[in-house]
Amino acid sequence: MSEEKKLFKVTVDNITIDVEPGTTILQAARQIGGDVTPPAMCFYSKLQGSGGKCRTCLVEVSKGSEKDPRPMPKLVASCRTTVMDGMEVKNITSERVQDARAGVVEFLLLNHPLDCPICDQAGECHLQDLGYEHGKEGTRYEFNRRTFEKEDIGPYIQLHMTRCILCYRCTYVADQLTNNRVHGVLDRGDHAEISTYISKAIDNDFSGNMIDVCPVGALTDKTFRFKNRVWFTKPVDAHRDCDKCCGKVTLWERGDEVLRVTARKDEWGEVQSYDGKPGWICNTCRFDKKHVNDWVIEGPTKVNRHSVISQGHYIGLQKPNETISEVMGGRDPKLLMDIHSVSDVNSVELAALPGPATSKTFEKKDQSE
Amino acid sequence: MSKKLLLDKAHVEGIRNYDVYRREGGYRSVEKALKSMTPDEVTEEVKKSGLRGRGGAGFPTGMKWGFLAKPEGVPRYLVVNADESEPGTFKDRYLMEFIPHILIEGIITSSYALGSNTSYIYIRGEYAWIVDILEQAIAEAKNNGWLGKNILGTGFDLEIYVQRGAGAYICGEETALLESLEGKRGNPRIKPPFPAVKGLWDCPTVVNNVETIAAVVPIINDGGEEYAKIGIGRSTGTKLISACGNIKKPGVYEIDMTISVEEFIYSDEYCGGVANGRKLKACIPGGSSVPILPANLLLKTAKGETRLMNYESLSDGGFATGSMMGSGGFIVLDDNQCVVKHTYTLARFYRHESCGQCSPCREGTGWMEKILLNIENGKGRKSDIDLLWDIQRKIEGNTICPLGDAAAWPVAAAIRHFRDEFEWHVENPDDCLRRNYGLANYADPLPIATPA
């Protein structure tokens, strides 16, 4: 008997590929690559059980399989639907899919604060990419956006619940990487929120990976908070011997200063795998090793040219001169707006203003309170 | 009088107790099934009966049982869905309150057919007192040898457990119910795999409605073919309808699916007509999730035929001119009811009950609620009506579970059939706060389209 595995033939947008049985449509499309790959906000191939929730990866199955050629009546979540032999899938060639996806993008952005200018995730945010590629230019939502009470989940991770799209990835990280999950989704429906039960700090050796898997700016690195825009920092591959994790990371540098440490990401924004094992990194590597001497530098990270991060031009390893005190004649710059305090939605009724919002608008609000 | 199979003995004094229930012929189906039939024969009888799921979707029960995977050495489970939370539906509550033993009897027979040695009743948390009734019935059945080890000396073991929900409508969705039963957050699972293959604790599971399981009792007693003789076409047997709204006699009625909707509303045997001398404006024939119909389309189909109280006739014309049998929550609206307000109430319900797992339902239901509230309060715009239509269209079919559809359909149907009323609300922002739109032309006979 030959041990040769039978491969399934699957066609995505008229491109045919042979994949192993058990592959999902999304992974088959990723093997093809390019434009035919549906976007995915909640699916994360390294986290078991993830996917199916955000509905951005919906595709039309126009032919079920060779044996049963009937099309599937509904659009299906490509991340959780496995391929059948002879299946034909329509993604960008289906108007239904495009229409449904535009709807999903609008839904995801309805209550999203769109505070990208002060969000640390900006520049590497999947929701920005999704909105740019599949969204409409405006929203039809005219109501106040949803807000949540702020919660402190410890010294390393900053939670911005208003930005969350409830992909559940971080709960899978806690379930599958750490020995004790202390956070989860509380409440339901549009007031569901990621939270710890009775305000507990998330403290675990691998909890930092929640930051890496978060597709939006809901979970960001507190040690990097407001330090710099990601596209002004220089990504460098580096490694160190770590007894807890693989130790393979990307350092985000400004000059020779390490501002942030993350796991290395692949082209789908997921953590890279080494020998089939996902390269999660531990909190020591991520939060405590912020000096170039802690690391063996391998060289600049390859950044996809579509990414805004590739727009940075890093010349040498020299830290740019801080010229602000020179310009200001030794005085400190005046604080125009404290972004810590305005990192808030609905704090100002923008629609009620006669003109565009300025720093004055926010000053007035503070006085009235 | 139509034939009653489930509620026939419901009002016999003391029927809630085992002695009376047994004296009235209870537990015959268990004796018959366990002693003279194989499990496959029981399933075959259910298939022959044409019984369709009474929970709302109307899927043939025998076929569902036939899909159950039966791998060696893996336990199988029967879970009874008593999480009846649909606004307007209260038939299971009635059945369990008055005649709990028929459910226990049905579970024993069905568990035997499916090979389940542990069966669960997942009951809506708000039905706290019914848990006591059921547990008493289970204890009585056990004391009399109908449950436990080696039932009737046939070697069949069965235990029944009652599990209370915690007050979430979504846990009536079968996979969310299983998650909740496992002690997790009640989020619907992504299908496939279906529960018949991977259900409770990853084992093959059948989830059936209370009424479906109870209907197994008369099917086994009288035979599937006898059961199939009642009713019309593929709507066999009897159906419990919980009638409410502006009718003279709200309550639970057992019908044999041959009567017309008109007869059901106006005859003294059933609803007794619209209350307070008012006129019929609209009706939701199958619980809050199914499309609302104006009076003219409710009584007659678009083809001009009399609409009957059964699966096929109620859904005649698809969603364009028809509705659904659903779970049998029959809600009648008279001419003093406001369809906009009513739609808003439903939208609020679905916003509140959405589990928040998938984006179209989580975000879309809240959006629809806000727009509907604006229209109801006279702050709406004409474009809002089209926006609502577009939102419901983008929710429907794009969600993990049917709650998204259930939230979208009532809004879609209200706009489809009552657009005038929505527009009146927009055009008369002051008037709409003081009075209702009224009956308008919603009861006028419709012209029957001649076939082209």
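In whole percents, the pair-distance distribution calculated for region B:1-96 from its alpha-carbon pairs, binned every 5 Å from zero, is 2, 9, 13, 18, 22, 20, 10, 4, 1, 0. For peptide B:386-393, the mean count of partner chain Cβ atoms within 10 Å of a residue's Cβ comes to 2.
In this Cβ point-charge picture (+1 for Lys and Arg, -1 for Asp and Glu), the protein assembly as shown has a dipole of about 240 debye about its Cα centre.
Working from label points 7 Å from Cα in the Cα-to-Cβ sense, the A:D288 to B:Y161 distance is 4.3 nm. Annotation for region B:265-285 versus region B:388-409: alpha-carbon center distance of 30 Å. Using only side-chain charges placed at the Cβ, +1 for Lys and Arg and -1 for Asp and Glu, the dipole size of chain A relative to its Cα centre rounds to 240 debye. The H on the amide N of A:I153, modeled in the peptide plane, is under 5 Å from the matching H of A:L159, each at least 5 residues off or on a different chain. Ranked for footprinting exposure by Cβ neighbours inside 10 Å, fewest first, B:R278, A:R305, B:R351 give A:R305, B:R278, B:R351.
Taking the three principal axes of the alpha carbon atoms in the protein assembly as shown, the coordinate ranges are 97, 75, 55 Å, sorted in descending order.
Treating r as the C-beta distance of A:N228 and B:F319 and R0 as 51 Å, the FRET efficiency rounds to 0.40. What the Cβ-Cβ distance of B:R28 and B:E305 gives, at R0 = 41 Å and to the nearest 0.05, is a FRET efficiency of 0.55. Positive-end ranking of B:I190, A:Q311, B:A166 along the dipole of the protein assembly as shown, with charges on Cβ about the Cα centre, is headed by A:Q311. Extension gain for the segment B:S267 to B:K184, taken as residue separation times 0.36 nm less the Cα-Cα distance, is 25.2 nm to one decimal. Computed over region B:182-263, the alpha-carbon pair-distance distribution with 5 angstrom bins reads 3, 11, 15, 16, 12, 13, 15, 11, 4, 1, each value a whole percent.
Over region B:238-334, Cα pairs under 8 Å with separation of 6+ residues give a relative contact order of 34 percent. The mean sequence distance of close C-alpha pairs (under 8 Å, at least 6 residues apart), as a share of the length of region B:101-259, puts its relative contact order at 18 percent.
Between helix A:359-368 and chain A there is an angle of about 70 degrees, using the helix long axis and the longest principal axis of the Cα atoms. Cβ-to-Cβ counts within 10 Å put A:T171, A:T178, B:T61 in ascending order as A:T178, A:T171, B:T61, the fewest first. For chain B, the alpha carbon convex hull comes to 146 Å³ per residue, rounded to a whole number.
Mind checking the full-extension length gain between B:I448 and B:D132? Use 0.36 nm per residue of separation minus the Cα-Cα distance, one decimal, nm. It would help to have the intermediate numbers written out before the result.
Values: separation 316, 0.36 × 316 = 113.76 nm, distance 5.30 nm.
Net length gain for the segment: 108.5 nm.
With the cut-off at 1.5 for a/c, could you classify region A:148-224 from its C-alpha gyration tensor as rounded, prolate or oblate?
Rounded shape, in that the Cα axes give a/c under 1.5.
Approximating the spin labels as points 7 Å out from Cα along Cα→Cβ, the B:R234-to-A:A201 distance works out to 6.2 nm.
Placing unit charges on the Cβ atoms only, positive for Lys and Arg and negative for Asp and Glu, gives region B:339-434 a dipole magnitude near 200 debye about its Cα centre. Remark: A:F226, B:F194 ranked as A:F226, B:F194, counting other beta-carbon atoms within 10 Å and listing the fewest first.
Rounded to the nearest 0.05, the FRET efficiency derived from the C-beta distance between A:E322 and B:K382 at R0 = 60 Å is 0.55. With the convex hull drawn over the C-alpha atoms of region A:8-103, the volume per residue is 90 Å³. With the cut-off at under 17 Å, measuring from each backbone N in region B:176-208 to a point 7 Å along the Cα-to-Cβ line of A:Q48 picks out B:190, B:193, B:198-199, B:201-203.
Legend: translational diffusion of region B:339-434 by Stokes-Einstein, Rh = Kirkwood radius over C-alpha pairs, 4 °C, 1.567 mPa s; D = 100 µm²/s.
Spin-label pair B:E312-A:K360: with each label point 7 Å from Cα along the Cα-Cβ axis, the two points sit 7.4 nm from one another.
Database remark: amide H of B:F59 closer than 5 angstrom to the amide H of B:G53 (H placed geometrically; neighbours at sequence offset of 5 or more, or on other chains; Pro and chain starts carry no H).
All of the numbers you see were taken from the coordinates with simple rules; none came from a lab. Because the structure is a prediction, the values reported are computed rather than measured. Cβ sites come from the backbone with ideal geometry, for glycine too, and all protein chains shown count toward neighbours.
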